[in-house]
Structure formats: C-alpha cells, structure tokens
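Working notes, beginning with the structure itself.
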Amino acid sequence: MIRFNKAVKIMEWGQGTNTTNQRWDEIGEGSFSSRSYQNGVTTLTIQTKSGVTRKNDNDSSVKLVQLGEGMAACSSDRWGEVAVGHIKTVSGNTVVVDVTQAVKISGAANALQKFLGLP
C-alpha cells in the first residue's frame, strides 16, 4: 500500500539489466504532491529533494519504495516496494509516474480535503 504522507524513493531499472541480473538504481527521494486516477491509470506526482538524474534513457520503468513497507518481519528500517510504473515526465524536481497496475493508496481524501481540493 502506498502511504501518501511518507517519504518515497524512485528506483530506476538499471541499464544493461535483464530479468536474470536485476538491478534498480536510486534516482531520487522526496514526497508525493498529488495523485489522480483516469482510465485505469493512477498518476502520481513526486517532488524530489534534489534534481533527478536518469541513467537509463532506454527504459522508463521505475519502482517506488517506502520506508517500513518491506514484506518481512521487522522491516520498519527497510525500504519496500509499493508500486511499479513508468516515468511520464521529469521537470527539475518534479517527477510524474504512471502506474497501470492496481494500486491502494492510504489516506483517502476526507470531506474537508475534498472540499479544499487537497490531494
């Protein structure tokens, strides 16, 4: 489950990587700023702490990981995968990721958030 109010790291599919020697490289860390859902695609906007430098221009696949979301006991100090998607755009410190698989996001908007138009 994506915890919308927690820090997130963006991991890029490593260049020269295949399914036998998978390698994910960190390209940014930050927090979610907005989310939207349209035509079966969840679009997540992430504000990173510093600029994003992509190393693999041939593949836009990314993995989003969050602290404490590992799938093992005592994983509170480990980064665990919460979603896999594709980079839509990168502009300075803003990264937009499209996730086409099913996604569950915590912190569903309450009445006040909906009224104020907050994510």
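Between amide H atoms placed 1.01 Å from N, distances below 5 Å from PHE4 occur with SER106, all of them 5 or more places distant or on a separate chain.
Given the options GLN47, GLN66, GLN22, state which has the largest fluctuation in a GNM of the chain using a 10 Å cut-off (strictly under) for Cα springs. Looking only at GLN47, GLN66, GLN22, the largest GNM fluctuation is found for GLN22. Length gained on full extension, GLN101 to SER60, computed as 0.36 nm times the residue gap minus the Cα-Cα distance: 13.2 nm. The order of the peptides 79-85, 12-18, 53-59 by mean Cβ neighbours within 10 Å, most packed first, is 79-85, 12-18, 53-59. Note on the chain: GNM, Cα springs under 10 Å; of SER91, SER61, SER34, the largest mean-square fluctuation is that of SER91. Helical runs assigned H by DSSP (4 residues or longer) give the chain a calculated mean residue ellipticity at 222 nm of -1000 deg cm²/dmol, each run adding -39500 (n - 2.57) before division by the residue total.
Provide the FRET efficiency to the nearest 0.05 for the THR94-GLN22 pair, computing r from the beta carbons and using R0 = 22 Å.
With R0 = 22 Å, the Cβ-Cβ based efficiency is 0.20.
A short reminder: the numbers here are calculations on the coordinates, not readings from a lab. The shown structure was predicted, so the numbers you read here are calculated from the model rather than taken from an experiment. Please note: Cβ atoms are built from the backbone with ideal geometry, for glycine as well, and neighbour counts cover all protein chains shown.
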